[in-house]
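Input: a single structure, listed below in structure tokens.
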Amino acid sequence: MALVEVKDLTKVFRRDTQEIAVFDGLDLTMQQGDFLALMGPSGSGKSTLLNLLAGLDRPTSGTITVGGHDVPGMKSRQLASWRAGNIGFIFQLYNLIPVLTAMQNVELPLLLTKFRSKERRDRALTALKVVGLTERADHYPRQLSGGQEQRVGIARAIVTDPQLILADEPTGDLDAKSASEILDLLQRLNREFDKTILMVTHDPNAADRASRTLHLEKGVLLEAAGSSI
């Protein structure tokens, strides 16, 4: 069974009397351990697709199944609990809380779990170790470089050991060297830890790091050369 199955997905946004169809019958399948890059022009629906997969938005019609769970079929409270344990988000602008240390930022998703304080700290330290930032645990975001902030963001995304990592332009705000290091880390998470990753990117060099690349254009997923859905 696939980890992610999207079938006949439609999403329509309404603005006053106007209807804007983002997807019209979109299908997507991801197996456990896939690393998929999603490319496409601005406004094509890439971020919308991530939000739908995570249950942050609901489709107009169609089915979305992640890890055997009917995502649109879950109620809000059930969905929040499921998302906290199964989805890891990585954002372009890091979304770290400036008044919290790296450790405290990484711990945040665990506050929605039943883990005690010591176990939350241990798990956060383990995640920081994976991204190579153990020695920065007590530093605040303002004391970190952009690349280090994104590493904290990745540690936060993996601290709950999620089934699926959704990365929205994770290198979009970084210089070339830092971007390459972040992509190295994502590849390591995929290859060594068998993490399933869906990465939105405008950068062909970033997309080359993925095992598959799809292009989203006018609500349709097109297969890139050398890839296979």
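Are any residues in the stretch 32-45 surrounded by 14 or more Cβ atoms within 10 Å (Cβ to Cβ), at negative phi and either in contact with a helix residue (DSSP H, G or I) (Cβ under 6 Å, 6 or more places away or on another chain) or not small (Gly, Ala, Ser) (or both), and if so, which ones? Reasoning before the result, please.
As a first pass, look at the stretch 32-45 and keep what is surrounded by 14 or more Cβ atoms within 10 Å (Cβ to Cβ): 32-40, 44-45.
Now drop any that are not at negative phi, which leaves 32, 34-39, 44.
Scanning the stretch 32-45 gives Gln32, Asp34, Phe35, Leu36, Ala37, Leu38, Met39.
Every residue, every condition in (1) without any contact (Cβ under 8 Å) to a residue 12 or more places away in the chain; (2) within 23 Å of Leu198 (Cβ to Cβ); (3) touching a Gly at 6+ places or on another chain (Cβ under 7 Å), yes or no:
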site: Arg120; (1), (2), (3): no, no, no
site: Leu125; (1), (2), (3): no, no, no
site: Leu128; (1), (2), (3): no, no, no
site: Leu133; (1), (2), (3): no, no, no
site: Tyr140; (1), (2), (3): no, no, no
site: Gln148; (1), (2), (3): no, no, no
site: Ala155; (1), (2), (3): no, yes, no
site: Ile165; (1), (2), (3): no, yes, yes
site: Thr171; (1), (2), (3): no, yes, no
Those residues that are of a type outside the set (Asp, Glu) and either buried (at least 17 other Cβ atoms within 10 Å of the Cβ) or part of a loop (DSSP other than H, G, I, E, B) (or both), I need them from the stretch 1-27; list them, please.
Met1, Ala2, Leu3, Val4, Val6, Leu9, Lys11, Thr17, Val22, Phe23, Leu26
Can you name the condition, by its number, that Thr48 falls short on among (1) surrounded by fewer than 16 Cβ atoms within 10 Å (Cβ to Cβ); (2) modelled with pLDDT of 90 or more; (3) of a type in the set (S, T, N, Q)?
(1)
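Here are Asp168, Asp175: which of them is of a type outside the set (Gly, Ala, Ser), at pLDDT below 95 and crowded, with 16+ Cβ neighbours inside 10 Å? Spell out the reasoning first.
Details: Asp175 fails: crowded, with 16+ Cβ neighbours inside 10 Å.
After ruling out the rest, the residue left standing is Asp168.
Give the number of residues within the stretch 83-125 that are among the hydroxyl-bearing types (Ser, Thr, Tyr), within 19 Å of Gln150 (Cβ to Cβ) and at pLDDT below 95. Steps first, answer last, please.
At the first step, the residues of the stretch 83-125 found to be among the hydroxyl-bearing types (Ser, Thr, Tyr) are 94, 101, 113, 117.
Right, trim to within 19 Å of Gln150 (Cβ to Cβ) and you get 94, 101.
Checking which are at pLDDT below 95 leaves us with 94.
Adding up the residues that qualify gives 1.
The values are calculated or read from the model by the stated rules, or taken from the named source; none is laboratory data. Note that this is a predicted model, so its numbers are computed, not measured. Glycine also receives a Cβ, built like all others from the backbone with ideal geometry; neighbour counts cover every protein chain displayed.
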